[in-house]
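Derivation of every value follows stated rules applied to the coordinates shown; laboratory data play no part. Keep in mind the model is a prediction, meaning the values are calculated, not measured. In this analysis, Cβ positions are derived from the backbone assuming ideal geometry, glycine residues included, and neighbour counts consider all displayed protein chains.
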Amino acid sequence: MRLRMPLLPVFCALFSFCVFPLEGALGQAKPAADLIVTNARIWTVDKARPQAEALAVLGERIVAVGSAADVDAWHGPQTKVLDAKGKLLLPGFNDAHVHFVDGGSHLQEVQLKDAATPEEFARRIGERAKTTPKGEWITGGDWDEQKWSPPSLPTRELIDPVTPDTPVWVNRYDGHESLANSVTLRLANITAKTTDPPGGQIIRDAQGNPTGVLRDAAQDLVGKVMPPMSRARRMKSIHQALEHAASLGVTSIQDMNPSYDDVKAYAELEGKGELTTRIYVAPIEIDWKDQAKIGVRRAFGTLFLRMGAVKGYADGSLGSETAYFFDSYTDDPKSHGLLSDEMHPPSAMLQRLKGADAAGLQLCIHAIGDRGISMILDMFEQIEKANGKRDRRWRIEHSQHLAAKDFARYARLGVIASVQPYHAIDDGRWAEKRIGPDRIKRTYAFRTLLDNGVRLALGTDWSVAPLNPMWGIYAAVTRATLDGKTPDGWVPEQKLNVAEAVEAYTMGSAYAEFQEKDKGSITPGKLADFVVLSDDIFKIPAATIKNVKVEATYLGGKPVYGGLE
Ligand SMILES: [Zn+2]
């Protein structure tokens, strides 16, 4: 009863029939739950009641959480009762940073990430070319030349012999570099004479000829000549992405840089009731006026599809040596990295962000190098001065390498660090040789961020990294690099514990999209989005968390993957 009482106002607002749920008081029966899950080990992520054994759902919301006896008071003749068999039940995961359509599309594309040699890389592309219809491109791939020994960027010569007529445009897994074959270079009219665009680079051989790898903004040269994604292909990608998310317990995603066609497709699916993951979209910041002119503000929309955020880029990535640093790269003393093309010049970026903020839009800015991050914090300070203080929840996407002075600035400005722990165990293989022993201490510094009172939102950057939240929690908790060389953790003082990682992946991400009242914990009144896991990640050895499977995913009280009996 104690738990149900605060729910009354929510309840009455939601249901017009609104039967007053106090038995006896008005001589009326209280409404029964549609669903009760019992015999669960519920980790609620709600500080008011961290653990429970049962929950009840009415409509799409949780109405009771507590002991089996507490929740049984909601049992009626039509109530479905499910036995969780003592398994761990958590709030659904909320991935704060994905590229959803890319992810779905990559599930169908050539897979290069685990191609361990240049020969295997070329073989897979050649195989794909055999089944690719004339006129279609080979795209995707997610290659990682760091897996080759010795690591060296792929070249068009490697794949030209197996793709004489098929355009190839395959991306590095971080999205900051892609490889074109000669067919594609010809279509894009890229030759030895083509100059590097601002914020980008055409990699060239000793004679000055393009090798096929284009870095950051130079990738747009090919982007411009690529045939647009067909509607059928986009829909297939979204369906695949939704299915994949449900199978991994991801009940909410925050989609960074979707195209307007993507948003349109989501809206169509929402209308048909086919979204099995809740979506918040953050289209590119340069087009902020599109949302502003019709008065859309942060977190505008329905429980399934919302907008009102913009996503921008300050710099590139560590892997591509384009993250922008105060000091030069340890392994390349001439380079500090690159600012993105949006930052040419920074004053233009500031002006756009100031306009977007004044219009009430939420700002989510990709910044990885310490100087890129600092420049964005400088802009946030100036925007606050110009537009006044309010609850904005600015986000710095990735927040990878911080200057010592900036932890406190995050906290003071209320900036959320939107981080992807999988990147830490991936980059951790080689990051130190790139940035040296001092900067490494403030790299993926999740612990220092929390200690400074900074809020974390967890995510994956899928398709850059796997969408599976178990890998994210495993990475945050163990910091064991993918090469197996640091089983006790790389920069281990920055580890999180399981409870902190789960909280950041649920409440933290919900807060980052202004949805903490509806999502993020198993609390009466909130949406019934939850997952049941095969194993208890609080009890098993941390090294095995990555193997844990989702047994059931519920969205708004309905199973969208697996299910209980
Ligand atoms: Zn991203």
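Straight-line reach from LYS236: which aspartates and glutamates have a Cα under 12 Å away, not including same-chain ones fewer than 8 places off?
Here the aspartates and glutamates satisfying the reach criterion relative to LYS236 are ASP102, ASP262.
In whole Å, what is the distance between the alpha-carbon centres of the stretch 483-498 and the stretch 105-122?
Distance between centres, Cα-based: 28 Å.
Explain nothing, just the number: dipole magnitude of the chain about its Cα centre with +1 on each Lys and Arg Cβ and -1 on each Asp and Glu Cβ, in debye rounded to the nearest 20.
So the dipole magnitude of the chain works out to roughly 1100 debye.
Of the beta bridges DSSP finds with both residues in the chain, what % are antiparallel, to the nearest 5?
Approximately 50 percent, going by the DSSP bridge assignments.
Cα-based Rg (one decimal) and Dmax (whole number) for the stretch 202-261, in Å?
Taking only Cα atoms of the stretch 202-261, I get Rg and Dmax of 17.2, 51 Å.
For the stretch 372-436 and the stretch 238-269, write down the distance between their C-alpha centroids in whole Å.
26 Å
What translational diffusion coefficient, in µm²/s and rounded to a whole number, does the Stokes-Einstein relation yield for the stretch 298-371 at 10 °C and a viscosity of 1.306 mPa s, taking the hydrodynamic radius as the Kirkwood radius over Cα pairs?
115 µm²/s
If each DSSP helix of 4+ residues adds -39,500 (n - 2.57) and the sum is divided by the residues in the chain, what number results at 222 nm, nearest 500 deg cm²/dmol?
Rounded to the nearest 500, it is -8000 deg cm²/dmol.
Give me the orientation-averaged projected area of the Cα convex hull of the chain, in nm², one decimal.
Over every viewing direction, the Cα hull of the chain projects on average to 26.6 nm².
Please list 266-279, 159-172 highest first by mean number of surrounding beta-carbon atoms within 10 Å per residue.
By packing density, highest mean first, the sequence is 159-172, 266-279.
Excluding residues on the same chain fewer than 8 positions from LYS433, give the aspartates and glutamates whose Cα lies under 13 Å from its Cα.
Counting by Cα, and skipping residues close in sequence, LYS433 has these aspartates and glutamates nearby: GLU321, ASP331, ASP332.
Just order 473-480, 342-349, 82-89 by mean Cβ neighbour count inside 10 Å, highest at the front, would you?
Most protected by this proxy first, the peptides run 473-480, 82-89, 342-349.
Of LYS264/LYS517; LYS519/LYS558; LYS85/LYS546, which pairs sit farther than 20 Å apart, going by alpha carbon to alpha carbon?
Long pairs (Cα-Cα over 20 Å): LYS264/LYS517; LYS85/LYS546.
About its Cα centre, how strong a charge dipole does the stretch 359-457 have in debye, to the nearest 20, once Lys and Arg get +1 and Asp and Glu get -1 at the Cβ?
Roughly 160 debye, rounded to the nearest 20.
Which one, THR139, LEU275, PRO164, is farthest towards the positive end of the dipole of the chain when Lys and Arg carry +1 and Asp and Glu -1 on their Cβ?
Comparing the listed Cα positions along the dipole, LEU275 ranks first.
Would you mind computing the Rg to Rh ratio of the stretch 402-506 from its alpha-carbon coordinates, Kirkwood style for Rh?
Checking Rg against Rh, the ratio lands at 0.94.
For a 29 Å ceiling on Cα separation, which of these pairs sit above it: LYS47/LYS87; LYS293/LYS405; LYS113/LYS311; LYS224/LYS549; LYS130/LYS272?
LYS293/LYS405; LYS224/LYS549; LYS130/LYS272
Considering the dipole of the chain built from charges on the beta carbon (Lys and Arg +1, Asp and Glu -1) around the Cα centre, which of ALA129, HIS398, PRO151 is farthest to its positive end?
With unit charges placed on the Cβ atoms, the residue in question is HIS398.
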